[in-house]
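Right, one structure below, let's go through it.
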Amino acid sequence: VLASLPLQMMLYFNVYYFPVWCLAEGTMLQLKYHLLPWHYQFLLVAAFLILSLAEGSRLYLGYVGNLQEK
């Protein structure tokens, strides 16, 4: 069984686009944060953190799994 080249290419590009997404999302969150009620503020920050951690984990596990053929 060989590593999947298309998957590795998608992971490679996603690693470079993920920080750009994080920066853009963080900037938008900062710009609209003070205009929202407190419960939306909490939900947006929680969703941003969960999505960022999940995406980072997904990229790491994808790299490790694909390169080690798991």
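Numbers at a glance
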| item | result |
| --- | --- |
| 18 Å reach of a label modelled at TYR16, 7 Å along Cα-to-Cβ, counting backbone N of segment 48-70 | 59-60, 63 |
| Share of carbon and sulfur in the accessible heavy-atom surface of the chain [1.4 Å probe, %] | 76 |
| In sequence order, calculated HN-Hα J values of segment 47-57 (Karplus, 6.51, -1.76, 1.60; Hz; x Gly/Pro) | 5, 4, 5, 5, 5, 5, 5, 5, 5, x, 5 |
| P(r) weight above 16 Å for segment 5-68, C-alpha pairs, percent | 53 |
| Per residue, in Å², the accessible surface of the chain once ligands and nucleic acids are set aside, probe 1.4 Å | 81 |
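The values are calculated or read from the model by the stated rules, or taken from the named source; none is laboratory data. Predicted, not measured: the structure shown is a model, and the values here were computed from it. For neighbour counting, all protein chains shown are included, and Cβ atoms are generated from backbone atoms with ideal geometry for every residue, glycine included. Accessible surface areas use protein heavy atoms only, side chains included; no ligands, DNA or RNA. Shrake-Rupley method; radii C 1.70, N 1.55, O 1.52, S 1.80 Å.
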